[in-house]
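Notes to accompany the following structure.
The values are calculated or read from the model by the stated rules, or taken from the named source; none is laboratory data. The model shown is predicted, which means the values in this text are computed figures rather than measured ones. Cβ atoms come from the backbone with ideal geometry, glycine included; neighbour counts cover every protein chain shown. Protein only, heavy atoms only, side chains kept; ligands, DNA and RNA dropped before computing areas. Shrake-Rupley method; radii C 1.70, N 1.55, O 1.52, S 1.80 Å.
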Amino acid sequence: MNAYLDNSATTRCFDEVRELMNGVMDSHYGNPSSMHNIGVDAEKYIREAKETLAKTLKCQEKEIIFTSGGTESDNMAIIGGALANKRVGNHIITTKIEHPAVLETFKYMESLGYETTYLGVDESGCVNLDELKNALRDDTVLVSVMHVNNEIGSCQPIEEIGKIVKEHNEKTLFHVDSVQGYGKYKINPKKANIDMLSVSGHKIHGPKGIGFLYIKDKVKVNPIIFGGGQQKGMRSGTENVPAIAGLSKAAEIIYTDFDKKIDNLYKLKEMFISELKTIDDVRINGVKDDIRETAPHVISASFKGVRAEVLLHALEDKGIYVSSGSACASNKPAISETLKAINLPKELLDSTVRFSFSVETNEEQLRYTIDVLKEIIPTLRKYSRH
């Protein structure tokens with residue numbers, strides 16, 4: 001049996017998504033900027049995708065800008081948002097547990113002279129709202145907080161954060177990296193006072209290389225890619241029509257019977273955590289008393305006395321695929337900043353793996369994984385002591 005439990009890294013494309021994309025590439029291959037019928041046919045997919053995605057966020061179609069994915073969306077929001085609103089100030093705020101797409105962009109902003117504040121989190125991975133209040137200044141131009149942490153599944157109170165930011169200064173931009181949140185939550189950017197929100201297609205069973213950035217109407221954001229002026233000058237470059245169509249179809253499927261899908265994910269998560277706790281010296285990270293206060297699809301577990309890399313490959317030998325952290329940083333051997341930020345004991349920092357589910361994950365796969373863990377953990381611990 002195989003159990004793919006690395007869905008926070010990427011998901012399998014839905015069959016319907018793949019079939020639609022093949023059809024677009026085969027029959028509707030025109031440049032959407034061309035004025036002839038083949039171009040018009042291609043442009044139709046872009047219009048329909050904006051309609052579908054806007055409905056999922058209860059926003060306007062013109063507030064959707066297609067990008068190459070979450071990383072570009074984050075860069076565009078942070079760099080473009082701060083530069084377009086530099087009259088407000090040069091102070092920006094984020095958290096210590098952001099994805100590298102945000103943290104590395106903040107480092108770049110520092111090189112441009114922006115002052116930065118990195119908020120800490122508690123042991124469950126949640127931002128302290130009082131710390132946020134104290135960090136806000138008159139010259140704070142942008143606050144960027146991720147919705148769901150990709151490593152431990154902690155979920156930030158984005159509505160409360162948005163309210164705090166706007167009560168302090170309505171001109172301060174609020175950006176949310178929702179790459180791990182979109183498709184797992186119903187999100188209403190206007191209700192949460194969100195000015196910009198990043199989404200990636202391959203986290204919701206869509207294709208890689210496509211995403212979008214929600215930009216609230218009237219919010220000023222400078223483009224960071226220049227060229228032919230596509231998407232009203234906000235993101236130049238010929239639109240990736242097959243991928244845009246695939247992203248739209250994936251979102252449509254995910255948000256159909258949505259509550260039922262998410263409820264099932266929480267049931268699987270609750271069962272899996274319960275079974276993990278029957279293994280000696282296992283710690284579950286980023287959890288709260290109410291499991292529904294965390295994301296439905298991510299479980300971070302530390303196995304005392306077992307190196308994460310060793311466990312990862314031992315599971316792989318049994319057809320089980322997990323991660324030892326963020327896939328986007330997996331080629332850089334370093335201890336997770338997120339695990340440090342939640343004050344995980346030093347001896348567990350290199351003993352932590354992530355199990356992440358999708359709507360295609362089933363109970364049989366999880367019980368198989370538990371059985372394998374119970375079989376191999378004692379052996380791995382015995383080996384590690386010699």
Subject >> Accessible area in the full protein assembly, largest first, 1.4 Å probe, for Y4, Y383, Y29 >> reply: Y383, Y29, Y4
**OP:** Calculate, in nm to one decimal, what K218 and T238 gain on full extension: separation in residues at 0.36 nm each, minus their alpha carbon distance.
**Re:** 4.8 nm
**OP:** Enumerate by residue number the chymotrypsin sites (Phe, Trp or Tyr not before Pro) in the range 178-272 meeting two conditions: DSSP loop (anything except H, G, I, E, B), and at most 10 other Cβ atoms within 10 Å of the site's Cβ.
**Re:** F226
Original post:
When the Kirkwood hydrodynamic radius is evaluated over all pairs of different C-alpha atoms of the chain, what value in angstrom, to one decimal, is obtained?
Top reply: 21.7
Original post:
Tell me, what is the FRET efficiency for E270 and Y108 to the nearest 0.05, using R0 = 30 angstrom and their Cβ-Cβ distance as r?
Top reply: 0.15
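If a/c stays under 1.5 just call it rounded; otherwise compare a/b with b/c (prolate if a/b is bigger, oblate if not). Do that for the range 70-174, with a ≥ b ≥ c from the square roots of the Cα gyration tensor eigenvalues.
Oblate, because a/c is 1.5 or more while a/b does not exceed b/c.
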Subject >> Y29-E61 FRET efficiency (beta carbon distance; Förster radius 22 Å; 0.05 resolution) >> reply: 0.40
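If you stretched the chain out fully between D259 and K277, how much longer would it get, using 0.36 nm times the residue separation minus the C-alpha to C-alpha distance?
Gain on extension, D259 to K277, equals 3.8 nm.
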Subject >> Per DSSP, loop trypsin sites (Lys or Arg not before Pro) in the range 19-81 with at most 14 further Cβ within 10 Å >> reply: K58
Original post:
What's the extension gain from K208 to N362 if we count 0.36 nm per residue and subtract their Cα-Cα distance?
Top reply: 53.1 nm
